[in-house]
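Single-structure report; data block below.
Read-outs: derived from the displayed coordinates by stated rules, not from any lab. Just so it is clear, the structure is predicted and the values come from calculations on it, not from any experiment. Positions of Cβ are backbone-derived with ideal geometry, glycine not excepted, and every protein chain shown enters the neighbour counts.
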Amino acid sequence: MSELIQTERQDRVLIVRINRPERKNALNHAMYTALAEAVETAEHDINIRCTLFTGSSDCFTAGNDLGDFAEGLPGEFESSPVGRFLFGLANATKPVVAAVNGPAVGIGTTMLLHCDLVFAGNNTRFQMPFANLGLCPEGGSSLLLPMWLGRARASELLMLGGAFTAEQADRLGLINHICTPETTEQTALDACQALAAQPPAAIRATKALISRPNKDTLRATLLAEGELFGERLKSAEATEAFAAFKEKRKPDFSPFD
């Protein structure tokens, strides 16, 4: 998947780029495997001190490839490609930074909850349309968003599933800085280089202490979300939502109770 998930090193920073522009960087199972392997590489390579996730100046990711995910998750969630990536990201001991532009849909938003710093272009549109697709929250969002934003805000984002701008994300405290699309990646890379220049053990200790209060609860939440997400993929509601998306029509959920 080297052409779809590209990696490069700049000094002590591993840059991981989502590169599937013809599908708005939609993620399939093979791409998740490549992303998980990149996280594992950064974790075990002593020469890497920080990881940067990015896409292009006009698209981060449109989320899951619905054609790929309509068939369900392969195997148990934790060992599935998406599970490997999410658990690897949640358990990373080294700092993770994201540079986001354009669509950041589904996991394109929830993965940011596990990043230490997030820089977004002013063209970014965040969205978590899980319920709209007959699915449920993933990526620990059902735990982290209510904890950080309060139940009312989290319910609005997760139940109504509407898009929100970089300015709104900034007000909610979900990102660190708003950039122009042309400068987002370089701004994030500068932050990565600054992190890489810090005392590495001190940075790992700080990250561990920040994550420590919710570590066990987050693991349990990821597992619960993953199990239910897999079930929801096979539901009649998701089948109708996916069909409507493919046929470019509004889904009809009226027959369901």
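Miscellaneous remarks
- Put a dot 7 Å past the Cα of Thr217, heading toward its Cβ, do the same for Asp190, and the two dots end up 3.6 nm apart.
- Note: relative contact order over segment 9-106, using C-alpha pairs below 8 Å and six or more positions apart, is 39 percent.
- Translational diffusion coefficient of segment 143-204 (Stokes-Einstein, Kirkwood radius from Cα pairs, 10 °C, 1.306 mPa s): 113 µm²/s.
- Two-site FRET efficiency, Ala201 against Ser155, from Cβ-Cβ distance with R₀ of 45 Å, rounded to 0.05: 0.70
- Considered as an equivalent ellipsoid built on the Cα gyration tensor, the chain has semi-axes of 29, 19, 19 Å, the largest given first.
- Taking 0.36 nm per residue of sequence separation and removing the Cα-Cα distance, the Glu182/Glu247 pair yields an extension gain of 20.0 nm.
- For the chain, the share of DSSP beta bridges that are antiparallel, to the nearest 5, is 30%.
- Sequence-separation-based contact order of segment 108-154, relative, with Cα cut under 8 Å and 6+ spacing, percent: 35 percent
- Computing FRET efficiency as 1/(1 + (r/R0)^6) for Ser79 and Glu3, where r is the C-beta to C-beta distance and R0 is 25 Å, gives about 0.50.
- Euclidean distance of C-alpha centroids, segment 212-251 and segment 142-180, integer Å: 19 Å
- Its residue count N sets the reference 2.2 N^0.38 Å, and the alpha-carbon radius of gyration of segment 212-257 equals 1.63 times that reference.
- When each full DSSP H helix of the chain is screened for a Cα extent of at least 18 Å along its own axis and an average Kyte-Doolittle hydropathy of at least 0.0, the helices passing are 184-197.
- Relative to the current alpha-carbon distance between Arg23 and Ala208, full extension at 0.36 nm per residue lengthens the span by 63.0 nm.
- Extension gain, Ala163 to Asp58: 0.36 nm times the residue separation minus the Cα-Cα distance gives 36.2 nm.
- Span per principal axis, largest first, for the Cα atoms of segment 1-110 (Å): 39, 33, 23
- Estimated translational diffusion coefficient (Stokes-Einstein, Kirkwood radius over Cα pairs, 25 °C, 0.890 mPa s) of segment 144-257: 134 µm² per second.
- In summary, the lysines within cross-link reach of Lys215, defined as a Cα separation below 18 angstrom excluding same-chain residues under 8 places away, comprise Lys94, Lys207.
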